[in-house]
Structures are given as structure tokens and as C-alpha cells.
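The values are calculated or read from the model by the stated rules, or taken from the named source; none is laboratory data. Computed from a predicted structure; not experimentally measured. So basically every Cβ, Gly included, is an ideal-geometry build from the backbone, and we count neighbours across all protein chains shown. All accessible areas refer to the heavy atoms of the entire protein, side chains included, with ligands and DNA or RNA removed. Shrake-Rupley method; radii C 1.70, N 1.55, O 1.52, S 1.80 Å.
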Amino acid sequence: MADIAIIGGGAAGASLFGELLRHGTRVHWITGDRPAAGRGVAYAAGSDRHLLNVRAHAIGLFAGGEGEFLQFARRQVDGVGADDFLPRGLFGDFIEAQVRACADLALQQGRPVQIHPEDAVRIEPLCDGGYAVRLASGVLIKADAVVLALGALAPRPLKAVSREALQSGAYVLDPWRIARQEPAPRRVLVIGTGLTAVDTLLSAAERWPSAELVALSRHGRFPFEHTALPSAPYARQSALNSALLACGSPLAMLRRVHAAIEAAPQTDWRSLLDGMRPINARLWRRLNAKQRRQFLRHLRWLWEAARHRVAPASARALDAMLEHGRLQVHAARVLGVDGHGPLQVRVRHRATQQLDTLGADLVIQATGLDTAVAFTEHTLLSRLLRDGLATPDPLQLGVAAHPDGQLLNARGELQVGLYAIGALLRGNLWECSAMAEIRVAAQQLARRLAAADAQVPRGESAMAVRPALAP
Ligand SMILES: Cc1cc2nc3c(=O)[nH]c(=O)nc-3n(C[C@H](O)[C@H](O)[C@H](O)COP(=O)(O)OP(=O)(O)OC[C@H]3O[C@@H](n4cnc5c(N)ncnc54)[C@H](O)[C@@H]3O)c2cc1C
């Protein structure tokens, strides 16, 4: 039987781990040094104001397991409705419970469950196929296939941020790890207006009740809001999707969607967008490099705001802050961040093109997913690039890969048995980092790996293969 190593202790790793255990595969799950395997960045227990952006009945860890979270949540909290947007931490509790149940079942059936709570630092190909995964402690794990489930990369500072600002302690790079601020900041500026920025603002409002809050991004646009109740599906979705697949450019796709929305005033536009979800990866794959670049430059902000929507309660809280003058939002480009703290943020306003300087005691960078692997200091990924086992996507949207998630190496060939799942595949699939896409990808990858395993003659395994390790 083959051994599979999964690297990454977030929801993608958890989903694949559970799927592979169900197939009876021998799995090593290398979860990293964060506590609570499975929660990853998104579902670590945080504030109860940090809500899922998916309704309770529609989110789950495993494909076909939608509804299981709702049942779990109802056992924990009274009065949960199927359409509620619940705290992300509660979904983290659910993931942990699901993982435990899968592991317990495997153990009862006499199958080993191997979870390694440390970082993987290097992957080395073995001469007879398969890989050796080296952990931070020096332990070596041999596996026939390895899956990178690393999520997004640690954020890098914007180019406009000066070294002194970075060293001042008044510039926060990771919005999920904000150190205690003494004295409390009087003015907090958040760079970004996406979902991460929304949660950052809600937390800042709670943590520093007297602070004035400022948010800015190039378009100054918060994500659109989910409807309080699900809207009816669009009746002509399949015709729309076929027409979109026949479009030759992102602009033509936008026009098509726009025309469909105009022609169906009785249908909420969000339904049309949600109905595109099964074809989004195919649409992306139809675009050539130039068109993808155009999309990223001109349409990405609108797509992100419309596709990754905010829960109604979070939108209400933002509205209240705006109404009471507690929060200001600017559509502006950041030109520089300087000072020792307080910091000065130099911007150019989008509408007037005027230059301006905004002062802030604390500046928090909340600019969303970073998947530019070519610039990363991530030990494992940078080593994979150096060793030529992986290569960056040309648009810096993760790693270059085959549609099945198998990586392309520096020679542009398939790196057999080395896969990725989740955000690292954005260049290939574009939409691949939300739970709906992740759980389907995990199911498909587990099937593929289990089927490959079934073709290996019994008794053969990478465990029997001697490593050819580079020095
Ligand atoms: C704040 C936030 C909120 C979100 N909310 C939603 C939502 O409501 N609904 C939804 O569908 N999606 C949401 N998402 C999308 C989210 O990305 C996915 O739902 C999912 O959590 C992604 O999981 P992941 O495992 O791919 O990545 P991550 O959660 O980032 O997990 C990757 C893990 O890999 C570990 N790791 C990295 N390097 C190594 C290494 N060398 N060795 C071992 N481990 C390593 C990291 O420490 C991390 O724990 C949200 C994302 C964020 C960031």
C-alpha cells in the first residue's frame, strides 16, 4: 500500500486527510507548528464577530457532507438557523471534531493515523520514485505522493512601506497577529477593503473603542453583502454558463453576465454569480496569459467584491460605523508609508488624483491572499523552487500545475506524485481557496491517489525504497 504525505494543517489538509483515511490509504499529515490541526488561518478560534461568509447549511468539510456543520452547530448553540452566518471559530471546532472522528474510525479498524505537528522543511525525490519529506526536527518521512496544502503565504510588506516604518512596530503585516498596543492607538488605518479588512476593522472597533478607523484601497469598495435569505436560482443559468464558455475575453464575459442580470430583474444578481461557480475554473483556463493579466488588472477588484461577499451582520456593523463617523473609507493608492510611529501614509486619491498624507498610530496591512511563491521566504516552498521541483505560475498566482493539481517542475514537466491543493493553485484554477472548491478538490484528489495506489502491486511501497537524498 502507498503512503501519502499531506503538508499543511488547514482545512484543505484536513479535508484530504479525512478523504484518504476513508479510502483506507496510509497517510502522514504534517500539520505545521500551529495548535489545533485543521483550523488553519481562517478557522482558528478568534472573535465571534468573525463570521463565515457561507450559510450554515451550505458549508462542510467533505464533499457531500453539507448539512453536517449545521447539525453540529445546533448541538452547540441554541436557535441556529440553516441560513445563518455563524462564527468561523465554530466551524474550526467542527473541523477538529470531524478529523477526530475520521482518525478514531481508522484506529478502530486497526489502521495507523500519523499526525506530525511540525513544519516540513524539504522534499527530496527518491531514486526509485516517491519522496522523502524532511521535518523541522530532522525526522524523514517517505511517501509515494506528497500534497502541498499550505494555504496562502505569509504576507509581504507593500513596496511603498519604508524600512523605518516596518521596524517601528506601528506597521502590522499580519492582521491575524496584532500585538498588544500600549497606549491604545487613537487612529488605526487599514490598507485593504476585502473580507480580511472587514474583520480587521470589526476587531479594531471592539479592541480600541475610542479609536478613529480609516480603510483604504484603490477602489475603496467593501465586499457586496449576502442577502439575508438565499435567493432563488437563476432559471437560465445553464444557457448563461454555455454562453460564457463561448466568450473570447474577460470583457465579453462581463458583458454577458451584465446583460443576463439586466434581462432578469426578478432574479437577484448574486444567484447568477453563484450559479457560475461550477464553471469558474474552466472560464479561467480559457483565458490566455494576456487576458488573465487584463482580468487581474481591471476586473479582479469587482470580481472579488461580488464573489466573496460579506455576511449581513458584518455589513450592518460596518454601516453603523460609517454612519456614526467612526470609520472613513478612501479610494486611494498608497504611495508611501513612512515614520517611526505614528506613521504617515502618503496616498493619491482615485477620484481627484490629489496627493494626501494620512497619519495613523497603527497601520494594518490587510490586502488579502499572497501566493507569489517566487518572492516567498517560506522555507519549504523556496527550497522546492531552488531544487527545480516546482516553478512559479507566470502571473505569480501560486505554482505552475497540471489541472489535476500535479506540479510542473522547472523544466515544465510534470513532477510526478507532487501535488498542491487550495490557494497555491490559483494560477491554474483561479477560484480554489474557498471551502466549496476545496472539499471537491480533496475528494477528487483522494480518489486519484487511491486509484493509483490500487494499481501498485501489493507489498510494494515507497517505504521499501531507499532514498537518494541530495546533500
Ligand atoms: C480570514 C479568512 C476567512 C475565510 N473565510 C472563509 C469562509 O467563510 N468560507 C470559505 O469557504 N472560505 C473562507 N476562507 C477561505 C479559506 O482560505 C479556506 O476556507 C480554507 O481555510 C483554506 O485552507 P487551507 O488549508 O488551504 O489554508 P490555511 O488555512 O492557510 O492552512 C494552511 C496551513 O498549512 C500550514 N503550513 C504552511 N507551511 C507548512 C509547512 N512547511 N509544514 C507544515 N505546515 C505548513 C500553515 O501553518 C497553515 O496552518 C477564508 C480565508 C481566510 C484567510
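Would you confirm whether or not region 211-221 contains a residue that is open to solvent by less than 30 Å² (accessible area, probe 1.4 Å), among the charged types (D, E, K, R) and in the same structural domain as Ala320 (by TED's automatic domain parsing)? No, region 211-221 contains no residue that is open to solvent by less than 30 Å² (accessible area, probe 1.4 Å), among the charged types (D, E, K, R) and in the same structural domain as Ala320 (by TED's automatic domain parsing).
For every residue, the table says whether it meets (1) among the basic types (Lys, Arg); (2) farther than 19 Å from Gly10 by Cβ; (3) assigned to a helix (DSSP H, G or I); (4) within 12 Å of the ligand (Cβ to nearest atom).
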{"position": "Ala82", "(1), (2), (3), (4)": "no, yes, no, no"}
{"position": "Phe85", "(1), (2), (3), (4)": "no, yes, no, yes"}
{"position": "Glu118", "(1), (2), (3), (4)": "no, no, no, yes"}
{"position": "Glu124", "(1), (2), (3), (4)": "no, yes, no, no"}
{"position": "Ala132", "(1), (2), (3), (4)": "no, yes, no, no"}
{"position": "Leu150", "(1), (2), (3), (4)": "no, no, no, yes"}
{"position": "Gln181", "(1), (2), (3), (4)": "no, yes, no, no"}
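Among the numbered conditions (1) among the hydroxyl-bearing types (Ser, Thr, Tyr); (2) closer than 22 Å to Ala452 by Cα; (3) open to solvent by 60 Å² or more (accessible area, probe 1.4 Å), the only one that Ser137 does not meet is (2).
Within region 99-109, identify whether any single residue is closer than 27 Å to Asp370 by Cβ and more than 18 Å from the chain's Cα centre (by Cα), and answer yes or no. Yes. Of the residues making up region 371-402, those that are within 14 Å of the ligand (Cβ to nearest atom) and open to solvent by 20 Å² or more (accessible area, probe 1.4 Å) number 7.
For every residue, the table says whether it meets (1) assigned to a helix (DSSP H, G or I); (2) in contact (Cβ under 8 Å) with a residue 12 or more places away in the chain; (3) farther than 27 Å from His50 by Cβ.
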residue: Ile95; (1), (2), (3): yes, yes, no
residue: Asp128; (1), (2), (3): no, yes, yes
residue: Ala154; (1), (2), (3): no, yes, no
residue: Lys159; (1), (2), (3): no, no, yes
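Restricting attention to region 147-173, the residues being among the basic types (Lys, Arg) and surrounded by 15 or more Cβ atoms within 10 Å (Cβ to Cβ) number 1. For region 405-434, the set of residues classified as within 16 Å of the ligand (Cβ to nearest atom), charged (D, E, K, R) and out of contact with any Ser or Thr (no Cβ under 9 Å at 6 or more places or on another chain) consists of Glu431 only. Flag: Ala360 does not match the condition of being within 30 Å of Ile438 (Cα to Cα), open to solvent by less than 40 Å² (accessible area, probe 1.4 Å) and not basic (Lys, Arg). Scanning region 21-34 for residues that are part of a loop (DSSP other than H, G, I, E, B) and near the ligand (Cβ under 10 Å from one of its atoms) turns up Thr31, Gly32, Asp33, Arg34. When restricted to residues that are more than 13 Å from Val190 (Cβ to Cβ) and assigned to a strand (DSSP E or B), region 316-334 contains 2. Scanning region 80-114 for residues that are in contact with a helix residue (DSSP H, G or I) (Cβ under 8 Å, 6 or more places away or on another chain) and among the acidic types (Asp, Glu) yields Asp83, Asp84, Asp93.
One line per residue, one yes/no per condition, for (1) at pLDDT below 95; (2) within 16 Å of the ligand (Cβ to nearest atom); (3) farther than 17 Å from Ile421 by Cβ:
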residue	(1), (2), (3)
Ile6	no, yes, no
Glu19	no, yes, no
Ala44	yes, yes, yes
Ser47	yes, yes, yes
Phe69	no, yes, yes
Phe72	no, yes, yes
Ala106	yes, no, yes
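Among the candidates Gly64, Gly40, which residue alone is assigned to a loop (DSSP other than H, G, I, E, B) and within 11 Å of the ligand (Cβ to nearest atom)? Just a single option satisfies the conditions, and that option is Gly40. Output the number of residues of region 225-268 satisfying the condition of being without any contact (Cβ under 8 Å) to a residue 24 or more places away in the chain and in a helix (DSSP H, G or I). Total meeting the criteria: 13.
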